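For reference, the structure is listed below as structure tokens.
Read-outs: derived from the displayed coordinates by stated rules, not from any lab. The structure presented is a predicted model; accordingly, all values stated were derived computationally and were not measured. For neighbour counting, all protein chains shown are included, and Cβ atoms are generated from backbone atoms with ideal geometry for every residue, glycine included.
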Amino acid sequence: MPKFAANLSMMFTDVPFPQRFAAAAKAGFTAVEFLFPYEHTPEEVAGWLKENKLQNVLFNMPPGDWAGGERGMASIPGREAEFRSGVEKAIKYAKVMGTPRLHAMSGNLPAGADRAKHKATYIENIRYAAAELAKHNLLLVLEAINQRDMPAFFLKTQAESCEVCKQIGAPNLKMQFDIYHCQVQEGDITTKLRKYADMIGHIQVASVPDRNEPEGGELNYPYLFRLLDEIKFDGWVGCEYRPKAATVAGLGWLKPYLSAAAGR
């Protein structure tokens, strides 16, 4: 049965970030993920996790100028030193917070850029990051993001993500399979989950096309959640969606899974 982690960057946003940990725990979650923890010290975040008996399962490495539209720098030539500094910072946070996996955003490809040059930079940066994370027994994951939401994002398909993982060949490098992004960009979710099952280190969910709760829309999530058991995925499923209204009011889809988990 899938294990679900609340995404605190998108859920429970009616309260400040520090209060979302308690809200998630009260709603029945035992794990959380979020985009970035860097506005707070790692000790502060670790305290909120401990206080609410939660595990943090994922966050992103520093993305560059997020407010200015940057979405990572792993594929950006000339910013290798900044990327490596971000790797060091993320590892520090992960160690204090007990986080087992980190995501490195690929960054945006500038108009007219030489994709081959950016790919070479990306490969070398990800190889470096995987090696550094391996020293601390941490998993590195790579996420393909659809071009409707992020038109310039460098890594856009599951095949590209898988290719990078295989080219580098690090045992602690996996795919971050976001079902919402995959459906918007390329579809054929069932076949891809089966194809890449051994390569997937984290999964995220949301409805399509509106990125709300994983119910309704054009995807049959009860079927997909059963499929995760079929392919023996034993990692976490991040709830990276925008609630239609109040987060708790929209958690009806989750209740059967929480009840089943409690009964095990």
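Counting only alpha carbon atoms, the long axis of helix 17-26 and the longest principal axis of the chain meet at about 40°. Our helix-only sum for the chain, with -39,500 (n - 2.57) per DSSP H run of n ≥ 4 divided by its residues, gives a mean residue ellipticity at 222 nm of -11500 deg cm²/dmol.
For a quick check: sort I231, I189 by the number of other beta carbons within 10 angstrom, fewest at the front. Display every interim value, and only then the final one.
On the way: I231 15, I189 20.
By the 10 Å Cβ count, ascending, the order reads I231, I189.
At an R0 of 35 angstrom, the distance between the Cβ atoms of K232 and R148 translates into a FRET efficiency of 0.65. In a fully extended conformation the segment linking K95 and A134 would gain 12.8 nm over its present Cα-Cα distance, using 0.36 nm per residue.
Where the only charges are on Cβ atoms (+1 Lys, Arg; -1 Asp, Glu), what is the dipole of the chain about its Cα centre, to the nearest 20 debye? Walk me through the intermediate numbers first.
Numbers: 31 positive and 30 negative charges, 102 e Å.
That gives the chain a dipole magnitude of about 500 debye.
What whole-number distance in Å separates the alpha-carbon centres of region 77-120 and region 172-242? Here the two parts' Cα centres lie 23 Å apart. Taking every DSSP beta bridge that has both ends in the chain, the antiparallel portion is near 5%.
Site pair E70 and E186 shows an inter-label distance of 2.8 nm when each label is modelled 7 Å from Cα along Cα→Cβ.
Taking the inverse of the average 1/r across all pairs of different Cα atoms in region 83-207, what Kirkwood radius in Å do you get?
Details: mean 1/r = 0.0669 Å⁻¹.
One decimal place: 15.0 Å for the Kirkwood radius.
Please work out whether region 1-108 counts as rounded, prolate or oblate from its C-alpha gyration tensor, where a ≥ b ≥ c are the square roots of the eigenvalues and a/c under 1.5 means rounded, while otherwise a/b larger than b/c means prolate and anything else oblate?
Values: a/c = 2.06, a/b = 1.85, b/c = 1.12.
It comes out prolate by the Cα gyration axes.
With contacts defined as alpha carbon pairs under 8 Å and 6 or more residues apart, what's the relative contact order of region 158-264 in percent?
Value for region 158-264: 23 percent.
Based only on other Cβ atoms within 10 Å, what is the fewest-to-most ordering of C162, C182? Please list the in-between numbers first.
Numbers: C162 20, C182 25.
Listing C162, C182 from fewest to most nearby Cβ atoms yields C162, C182.
Relative contact order of the chain, please, whole-number percent, based on alpha carbon pairs below 8 angstrom and at least 6 residues apart. Don't skip to the end; give the middle numbers.
On the way: 483 pairs, mean separation 51.2, N = 264.
Reported as a whole number, the value is 19 percent.
Using the Kirkwood radius over C-alpha pairs as Rh, can you work out the diffusion coefficient of the chain via Stokes-Einstein at 4 °C, viscosity 1.567 mPa s, in µm² per second? Could the numbers behind the result be given before it?
On the way: Rh = 18.7 Å.
Stokes-Einstein gives a translational diffusion coefficient of 69 µm²/s.
On a 24 Å Cα-Cα criterion, which of the cross-link pairs K92/K255; K119/K156; K26/K244 come out too long? Walk me through the numbers on the way to the answer.
On the way: K92/K255 35 Å; K119/K156 13 Å; K26/K244 19 Å.
Table pairs above 24 Å Cα-Cα are K92/K255.
Model label sites at I123 and R242, defined 7 Å from Cα along the beta-carbon direction, differ in position by 3.7 nm.
At a 10 Å Cβ-Cβ cut-off, how would you order C239, C165, fewest neighbours first?
Working: C239 26, C165 22.
Ranked by crowding around the Cβ, least crowded first: C165, C239.
Taking Cα atoms, how many degrees apart are the long axis of helix 42-51 and the longest axis of the chain, rounded to 10 and kept between 0 and 90? Its long axis makes an angle of about 20 degrees.
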